Every structure is written in structure tokens, then in C-alpha cells.
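Quick notes on the structure that follows.
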């Protein structure tokens, strides 16, 4: 039901039919007591969230009091194939597009091991991260805060016979 319409109207001096009067009142009661929906609520109604039933299966999260922002994971990935060499600024340099938080670093190399460092604007985010031939990860960081415009770089600090290194820096926003 999108709007209430009066089924019966009366003029001055007419006798009010109780059934007609009840039908008019019931239209109001039915709408107010459970018949309100998106079609009959003004866009500026300012209804508190606790009064609204949300469809949480759509991916939005609400706790009935305030909206929760949806967390989006992002990843910055460095891949160096072939014979590795120690040095700074290996592979791509990434510009952080939005504020986010570093949550995990993942790594793997083809054989033996390699030690890597990820930096933000020249300062360590993660140093001494040792990567072997099986996937490894860490959640321990020097800094976890990334700001839009920060530049991320990847360094190889030590090699022990390894080739092909794969590093992924997992982040979340907001």
C-alpha cells in the first residue's frame, strides 16, 4: 500500500454510516500498524536505524543502532621471477589509493629462502620477513596504517639460493 485513500466522504448534515467510517479508519490503522514500506516513507523522514529491518544478506551490515561500513580487503603483490638479487625497490611501486590498514603479509619463493622488507614512503612496514618454498605469512608489523598517497616498495635484503619470490601485502579498508 503506497498511500491512504478515503473510501467514503461525508458532507455536513449527512448521517455517518458506521461501516463506512470503520472502513476509513481501518485503512489508516492497517497502514500505520505494519503496512508502512518504502513507497510511503518520505526520503527525508529521518527514521532511526533501530526501527528499520535490514536485509543483511545483501552484504551490508547493520546492528540496529548504527550502520557498519563494509570491510574491503585489498592486496598489493610483488613478483620477481628468475635469479634474485638483493636491493631496494624491486618490482612495482604502488601508490595507496585510499586510507587502509595492513593486516597480513604472505610470501613464497621457489626454493631455499629469501628475506624481504616492505616499506611505506621509505620507512619499514615489515622487515626481516623470511620466505621459504612453502607459503608463509605474518601479522606482525612495524606500522599498519596506510594513507592515501603513500608509496609502497619492496626490497630483497638476503638470499639463500632462492629464485622466484612472490609477496602479497593484504590490507583492509576502512
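The values are calculated or read from the model by the stated rules, or taken from the named source; none is laboratory data. A quick note: this is a predicted structure, and the numbers were derived from the prediction, not measured. Reconstructed Cβ throughout: ideal geometry from the backbone, glycine too, with neighbour counts over all protein chains shown.
Using beta carbons and a limit of 7 Å, which pairs, at least six apart or on different chains, have the first residue in region 35-54 and within 19 Å of residue 4 (Cα to Cα) and the second one at pLDDT below 75 and loosely packed, with under 11 Cβ neighbours inside 10 Å?
Pairs that qualify, where the first residue is within 19 Å of residue 4 (Cα to Cα) and the partner is at pLDDT below 75 and loosely packed, with under 11 Cβ neighbours inside 10 Å, are 39/2; 40/2; 40/3.
May I ask you to list the residues in region 66-80 that are more than 14 Å from the chain's Cα centre (by Cα) and at pLDDT below 70? Reasoning before the result, please.
Step one: list which residues in region 66-80 are more than 14 Å from the chain's Cα centre (by Cα), which gives 66, 76-80.
Matches in region 66-80: 66 only.
Quick check: is even one residue across region 50-65 farther than 30 Å from residue 174 by Cβ and modelled with pLDDT under 75? Spell out how you get there, then give the answer.
Within region 50-65, the first condition is being farther than 30 Å from residue 174 by Cβ, and the residues that meet it are none.
Within region 50-65, not a single residue is farther than 30 Å from residue 174 by Cβ and modelled with pLDDT under 75.
Out of the residues in region 1-46 that are surrounded by 11 or more Cβ atoms within 10 Å (Cβ to Cβ) and closer than 30 Å to residue 70 by Cβ, state the one that is modelled with the highest pLDDT.
41
Which one is nearest to residue 147 (Cα to Cα) among residues in region 88-105 that are more than 14 Å from the chain's Cα centre (by Cα) and not in a loop (DSSP other than H, G, I, E, B)?
Once the filter is applied, the top-ranked residue is 95.
Might you let me know whether region 66-74 holds any residue that is outside any strand (DSSP E or B), touching a helix residue (DSSP H, G or I) at 6+ places or on another chain (Cβ under 8 Å) and free of Cβ contacts under 8 Å to residues at least 24 places away in the same chain?
Looking through region 66-74, at least one residue is outside any strand (DSSP E or B), touching a helix residue (DSSP H, G or I) at 6+ places or on another chain (Cβ under 8 Å) and free of Cβ contacts under 8 Å to residues at least 24 places away in the same chain.
Output yes when any residue across region 128-144 is assigned by TED's automatic domain parsing to the domain that holds residue 79, in contact (Cβ under 8 Å) with a residue 40 or more places away in the chain and not in a loop (DSSP other than H, G, I, E, B), and no when none is. Break it down stepwise before answering.
Of region 128-144, the ones assigned by TED's automatic domain parsing to the domain that holds residue 79 are 128-144.
So of that shortlist, the ones also in contact (Cβ under 8 Å) with a residue 40 or more places away in the chain come out as 143-144.
Remaining after also requiring not in a loop (DSSP other than H, G, I, E, B): none.
No: zero hits.
Residue 83 - would you say it is assigned by TED's automatic domain parsing to the domain that holds residue 168, over 15 Å from residue 172 (Cβ atoms), over 27 Å from the mean Cα position of the chain (by Cα) and surrounded by fewer than 16 Cβ atoms within 10 Å (Cβ to Cβ)? Show your work before the answer.
Working: assigned by TED's automatic domain parsing to the domain that holds residue 168: yes; over 15 Å from residue 172 (Cβ atoms): yes; over 27 Å from the mean Cα position of the chain (by Cα): yes; surrounded by fewer than 16 Cβ atoms within 10 Å (Cβ to Cβ): yes.
Criteria met by residue 83.
Of all the residues that make up region 156-174, how many are part of a strand (DSSP E or B) and within 24 Å of residue 98 (Cβ to Cβ)?
Looking only at region 156-174, we keep the residues that are part of a strand (DSSP E or B), and these are 156-161, 163-173.
From what's left, within 24 Å of residue 98 (Cβ to Cβ): 167-173.
Qualifying residue count for the region: 7.
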